[in-house]
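Heads up: the structure comes next, in structure tokens.
Just so it is clear, none of the values below were taken in a lab; they were calculated from the coordinates. This structure is a prediction, so every number in the text was calculated from the model and none was measured. Note: ideal-geometry Cβ built from the backbone for every residue, glycine included; neighbour counts use all protein chains shown.
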Amino acid sequence: MSTMKPILISGSLVYDRIMDFPGRFKDHILGGDARVLNLSFVVDRLVTSRGGTAGNIAHTVKLLDGDPVIVGALGTDGADYLAHFARAKIGTRYVARDTKHLTASAHIITDRDDNQITAFFSGTLPERTPRIAGVNENVSFATISPAHKQVMKRHLRECAKLGMTTMFDPGQQINTFTPEELRQMVRLADIVIGNDYEITILQERTGWDTKEILRRGGILIVTRGSKGSVIYHRGEGKNGGGIKILPSKPRRIVDPTGAGDAYRAGFLVGLAEGRPLAVAGRMGSVAASYAIETSGTQEHTFTKSDFWSRYKKNYGPIEA
């Protein structure tokens, strides 16, 4: 049983339909001034699995002996997901059921270069998602991950009001926020995380560079796929180069979908255990390396012994 405080996870609960396209998207998109885009891909694999940012992060937090507290909603077809959580011993006290709408779903096509095209169905209504104020657990950290825009705004405000240390993860919802809304979210968050593309958009839309984001928050994490990640923090020296986290090497690469959520889980557990930022970042990287070894975002598994063995193999001894 973990001794760390629970980690609150606000985000989507989704059924993923994951498809593999054996070619490259760029070979099928014509350049120039094309006024009509009509593409059709023949995929060689289709897998339906449980996903969504909240479910994915909770899965890996649990593997690391953490206590994930999910705040989200499922639709009329959510019984299978609830049964999955029960088997994994992940609590669903704050997972509401929408009795009129289907659960959200994502349809993801990945090409041979690991580029992705995703179509997302929102599913359950925002008002069905419980409020953070109703959570009774004494949480250590919270993450506000992609879900309905209204839910993300409401939950981040509630976390800030309650004094929780909170990570803002705009993800694929970043373009739905106005520039001022993004600035408000960054001001409320203690940690901002995104991949290099998302952080570039965040900086363009807010007009804030890395230094300005840190001045309002405290930590900025930029994930870079196979290039690893960089953790910037307010207290770093004049050079401001951030803490560079090299990627952990997987045994094999099967599917990159869900690696980012696994990284977030590993990082949050590291913080909840009181570890230095560099160690937490490496924990995120190790968790991500397991996720890409399997198809599906909640199919990977590991023991704590295996996890720390891989950590030491990639990074050496664990700092205190």
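For the stretch 172-177, the Karplus equation 6.51 cos²θ - 1.76 cosθ + 1.60, evaluated at θ = phi - 60°, returns couplings of 6, 8, 4, 6, 7, 8 Hz by residue, with Gly and Pro reported as x. Here the Gaussian network model covers the chain, with springs between Cα atoms less than 10 Å apart; of Ala96, Ala133, Ala58, Ala133 fluctuates the most. Mean residue ellipticity, 222 nm, helices only, the chain: the sum of -39500 (n - 2.57) across DSSP H runs of n ≥ 4, divided by residue count and rounded to 500, is -10000 deg cm²/dmol.
One quarter of the surface of the convex hull around the alpha-carbon atoms of the stretch 62-122 equals 5.7 nm², the direction-averaged projected area.
Please compute the contact order of the chain in relative form: average sequence separation of alpha-carbon pairs under 8 Å and at least six residues apart, divided by the residue count, as a percent.
For the chain, the relative contact order is 17 percent.
All C-alpha pair distances within the stretch 179-257, sorted into 5 Å bins from zero, spread as 3, 15, 24, 23, 15, 10, 6, 4, 0 percent across the bins. What is the log10 of I(q)/I(0) for the stretch 190-313, computed with the Debye formula using one identical point scatterer on each Cα and no solvent, at q = 0.17, 0.18, 0.20, 0.22 Å⁻¹? At q = 0.17, 0.18, 0.20, 0.22 Å⁻¹ the computed log10 ratios are -0.84, -0.93, -1.10, -1.26. Pairs of C-alpha atoms in the chain farther apart than 36 Å represent 14 percent of all such pairs. Taking 27 Å as the straight-line reach from the Cα of Lys227, the lysines in range (excluding those fewer than 8 positions away in the same chain) are Lys26, Lys62, Lys211, Lys238, Lys244, Lys249, Lys304, Lys312, Lys313.
The GNM of the chain, with springs linking C-alpha atoms under 10 angstrom apart, assigns the highest mean-square fluctuation among Gly274, Gly266, Gly217 to Gly274. On a C-alpha basis, how far is the centre of the stretch 300-320 from the centre of the stretch 177-241 in Å? Whole number, if you could? That distance is 28 Å.
Over all distinct Cα-Cα pairs of the stretch 46-149, the Kirkwood formula returns a hydrodynamic radius of 14.9 Å. Farthest toward the positive end of the dipole of the chain, out of Gly260, Leu156, Leu74, is the Cα of Leu156, where the dipole comes from beta carbon charges about the Cα centre.
Between Thr165, Ser309, Thr129, the Cα set farthest toward the positive side of the dipole of the chain (charges on each charged residue's Cβ, about the Cα centre) is that of Thr165.
Could you tell me whether the stretch 61-213 comes out rounded, prolate or oblate from its Cα gyration tensor? Rule is a ≥ b ≥ c as square roots of the eigenvalues, rounded for a/c under 1.5, then prolate if a/b exceeds b/c, otherwise oblate.
oblate
For the stretch 204-310, relative contact order (Cα pairs under 8 Å, six or more residues apart, normalised by length) works out to 22 percent. Along the stretch 58-72 the Karplus relation, 6.51 cos²θ - 1.76 cosθ + 1.60 evaluated at θ = phi - 60°, assigns HN-Hα couplings of 4, 4, 6, 4, 5, 4, 8, 6, x, 10, x, 10, 7, 10, x Hz to successive residues, with x for each Gly and Pro. Return the loop-located trypsin sites (Lys or Arg not before Pro) in the stretch 249-302 (DSSP other than H, G, I, E, B) with at most 13 other Cβ atoms within 10 Å of their own Cβ; answer none if there are none. Passing sites in the stretch 249-302 are Arg251, Arg252. Hey, in the GNM for the chain with a 10 angstrom Cα cutoff, which one of Arg310, Arg275, Arg215 fluctuates hardest? Sorting by GNM fluctuation, first place goes to Arg215. Magnitude of the charge dipole for the stretch 48-89, about its Cα centre and with charges confined to Cβ atoms of Lys, Arg (+1) and Asp, Glu (-1), is about 80 debye.
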